Amino acid sequence: MTKALVQSLPNTFHRYCSWHILEKFSTYLNAITYRDFYKDFQQCIWESECPEEFERKWVTTIEKASLDNNDWLKSIFELRSRWVPAYVNHVFSAGMSSSQRAESSHAFFKKYVSKRNLLMDFILRFNRALAQQRHEELGADHFQDELWNSLVIMPQFVRENATHKMYVVESSPKECVRRVREIAYDKELDFASCTCKKFESEGLPCRHILAFLRLFGNIPLPNQYIMKRWTRGAKCQIITDKQGVEIGGQRSSMLTWRAKLFQLASEVIDKAIIYEEASVIVNDGLQSLLGKIESIVSNTKSGGISEKGSTAHDYEALKDPSAVRAKGCRQRLKRGKEKVTNAAKYRGRRCNGCGKIGQSHDKRNCPLLNNPSSQNEESPQHASEYDSKADSFSSTGLHEKMKG
């Protein structure tokens with residue numbers, strides 16, 4: 001695939017799936033080494049921000065785990081420029097590092113559903129999972145941790161030349177690992193870049209760039225730091241189906257209302273915090289509104305309103321389908337040799353009255369026992385047949401014993 005992409009898509013950066021590579025650690029490392037050092041490898045891969053830091057941590061982990069002779073680790077280290085984040089963060093990937101989109105969806109829905117759920121239980125759980133996913137997406141659309149975290153850090157000027165200005169930013173106290181990032185401001189392009197590469201890889205300004213822009217009063221953001229795919233306008237465009245019919249629904253209405261309320265609340269808070277009396281009025285009013293909203297939510301839950309606005313009684317008419325035997329649930333097919341072997345072992349049913357083998361009757365409805373006159377007439381012939389069959393049976397049994 002690598003050779004084909006170079007020829008067919010020469011301007012495309014081919015990145016390897018980190019999920020597949022990390023999954024193979026348990027295969028190429030023994031159980032004890034995997035248990036003791038896998039977290040060190042994860043920290044080396046995900047928490048390194050530059051190639052030099054990754055290579056230094058990688059060598060340290062290899063020496064500590066005594067894995068100098070592991071050929072597989074050597075091979076993936078040679079390919080580090082294709083999958084390690086410190087080497088590929090300069091390429092936009094929308095924050096994705098794995099090709100397993102389906103696996104990600106499966107892992108999410110497995111938290112809500114299982115193979116033991118009945119049909120109606122599955123539908124309710126699946127709708128609950130979708131509602132949770134949409135709620136998290138709405139929260140991500142209108143609340144960015146990077147913006148709030150930028151308020152607790154302050155860039156410091158370091159040096160300047162003809163084309164660039166250099167600043168350093170220390171990490172906030174909340175971060176587990178204390179780091180110092182560098183911000184390079186290009187005078188000609190009027191653009192700042194950070195060594196964490198968050199904007200280059202995800203298309204979102206990092207907290208360090210936001211702190212730099214806030215330092216010069218460039219909030220709201222300049223257009224060069226805003227990608228259209230992450231704006232509300234990207235989702236507010238008209239979407240049509242295959243027939244050209246516009247697709248709408250409750251979700252678009254929720255987005256519109258959230259945007260309006262968020263903007264209104266921000267304006268109220270910005271004006272109220274200047275005065276103590278105004279802040280008290282806003283606080284009391286919000287507390288009162290919160291109480292009313294909670295009462296509405298509790299009444300809605302007691303009525304059994306689902307995500308789409310229908311009550312739980314609407315589902316009572318639906319029941320689980322009856323169990324149906326699938327077409328493939330049959331006895332296994334037997335080969336000709338197996339059929340012959342089984343037929344040779346089973347000679348048929350034997351009647352204890354007349355002694356015949358392979359008959360459809362037994363002693364209770366044997367015609368010889370129920371008709372004594374015919375028994376006397378046919379007894380010599382029957383006796384000869386019985387004797388011949390008995391001799392054949394005994395010879396066959398003797399032959400099988402000799403074979404055994």
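The values are calculated or read from the model by the stated rules, or taken from the named source; none is laboratory data. Computed from a predicted structure; not experimentally measured. Quick reminder, even Gly has a Cβ in these numbers, built from the backbone with ideal geometry, and neighbours come from all protein chains shown. Surface accessibility is based on the protein's heavy atoms, side chains included, excluding ligands, DNA and RNA. Shrake-Rupley method; radii C 1.70, N 1.55, O 1.52, S 1.80 Å.
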Checklist line | Using a Förster distance of 60 Å, the FRET efficiency for Leu290-Gln7 (Cβ separation, nearest 0.05) | finding: 0.45
Check: According to a simple spin-label model (label point 7 Å from Cα along Cα-to-Cβ), what is the distance in nm between Leu215 and Glu170?
Finding: 1.4
Check: Which far-off residues, 5 or more places away or on another chain, put their amide H under 5 Å from the one on Met154, with H placed in the peptide plane?
Finding: Glu170
Next item on the list: Mind checking the full-extension length gain between Leu261 and Glu276? Use 0.36 nm per residue of separation minus the Cα-Cα distance, one decimal, nm.
Entry: 3.1 nm
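Tell me the chymotrypsin sites (Phe, Trp or Tyr not before Pro) within region 187-233 that lie in a loop according to DSSP and have at most 14 other beta-carbon atoms within 10 Å. Each step should come with its number before you reach the end.
Details: sites: Phe191, Phe199, Phe212, Phe216, Tyr225, Trp230; in loops: Phe216.
Those that pass, being in a loop and sparsely packed, are Phe216.
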Next item on the list: Using a 1.4 Å probe and ignoring any ligands, DNA or RNA, find the accessible area of Asp68 and quote it in Å² to the nearest 10.
Entry: 90
Checklist line | Global geometry of region 158-231, whether rounded, prolate or oblate, following the gyration tensor of its Cα atoms and the 1.5 cut on a/c | finding: oblate
Notebook entry, point to check: Using a 1.4 Å probe, how large is the accessible area of Leu9, given in Å² and rounded to the nearest 10?
Noted result: 80
Margin query: Assuming 0.36 nm per residue, please report the length gained on full extension of the stretch Val59 to Asn365 beyond their Cα-Cα distance.
Written below: 101.2 nm
Check: Each residue of region 283-296 in order: what ³J(HN,Hα) in whole Hz does its phi give by Karplus 6.51 cos²θ - 1.76 cosθ + 1.60, θ = phi - 60°, with x for Gly and Pro?
Finding: 5, 5, x, 5, 4, 5, 5, 4, x, 5, 5, 5, 5, 5
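What FRET efficiency do you get for Leu333 and Arg125 if R0 is 35 Å and r is their Cβ-Cβ distance, rounded to the nearest 0.05?
0.35
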Margin query: I want to check the label-to-label distance for Val113 and Ser93. Put each point 7 Å from Cα in the C-beta direction and report it in nm to one decimal.
Written below: 3.0
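By how many nm would the segment from Asn352 to Ser81 grow when fully extended, if each residue of separation counts as 0.36 nm and the alpha-carbon distance is taken off?
Working: separation 271, 0.36 × 271 = 97.56 nm, distance 8.45 nm.
Gain on stretching Asn352 to Ser81: 89.1 nm.
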Note to self: Once ligands and nucleic acids are excluded and a 1.4 Å probe is used, how much of Glu170 is accessible, expressed in Å² to the nearest 10?
What the structure shows: 120
Next item on the list: Return the FRET efficiency for the residue pair Arg179, His14: r is the Cβ-Cβ distance, R0 is 30 Å, and the value is rounded to the nearest 0.05.
Entry: 0.55
